[in-house]
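Here the structure comes first, spelled out in structure tokens, and everything after it is commentary.
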Amino acid sequence: MPTLTPADRRLLEAAYEQAVKSLNEGGIPIGSALGAPDGSVIAAGHNMRVQSGDTTAHAEVACIRAAGRRRDWHKLTLASTLSPCIMCSGTAILHRIPRVIIGEHKTFMGAEDLMRSHGVELNLADDPRCIELMERFIRERPALWNEDIGIPEDAS
């Protein structure tokens, strides 16, 4: 697993701040940030499913929407506090984002194999703050978590 650069860590920090923002708004604590090759943060977003009622308002999608129209996606790095789900992985692939920093995948393993199969470089941080944030959320709001990951109400 590649080592995170200082720029990668700053990007993950911006994503983590977004996750905390979502939690403070009563939402699901997942954040994302998009970084330029020089290490600057271009855009950030957090999961807005609860706040907006939009089931597609995941952190990575919100972040990419915030970045607007661009022609340099193939040079950018996306950071997410949690392993991206299949929709968010597909969004990264669609935009040809070559690198994804993953805060953690202990609480949820997204579509990492799909991204790898499309040549996306994945960098797992195993960030203890990201893990603790999600573990606490899952423990305190299991029904909302199950809704977010698509587990039917009668299957849990």
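The values are calculated or read from the model by the stated rules, or taken from the named source; none is laboratory data. Because the structure is predicted, anything quoted here is derived from the model rather than measured. Please note: Cβ atoms are built from the backbone with ideal geometry, for glycine as well, and neighbour counts cover all protein chains shown. What goes into the accessible areas is simple: the full protein's heavy atoms, side chains included, and nothing from ligands, DNA or RNA. Shrake-Rupley method; radii C 1.70, N 1.55, O 1.52, S 1.80 Å.
Tabulated data
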item	result
Cβ crowding within 10 Å averaged over residues, with 22-34, 51-63 ranked highest first	22-34, 51-63
Portion, in percent, of the accessible area of the chain that falls on carbon or sulfur, probe 1.4 Å	53
Region 80-156-region 10-52 distance, computed between alpha-carbon centres (Å)	13
Net dipole in debye of the chain [+1 Lys, Arg Cβ; -1 Asp, Glu Cβ; about Cα centre; nearest 20]	600
Estimated inter-spin distance, V20 and E135, nm [label 7 Å along Cα→Cβ]	1.9
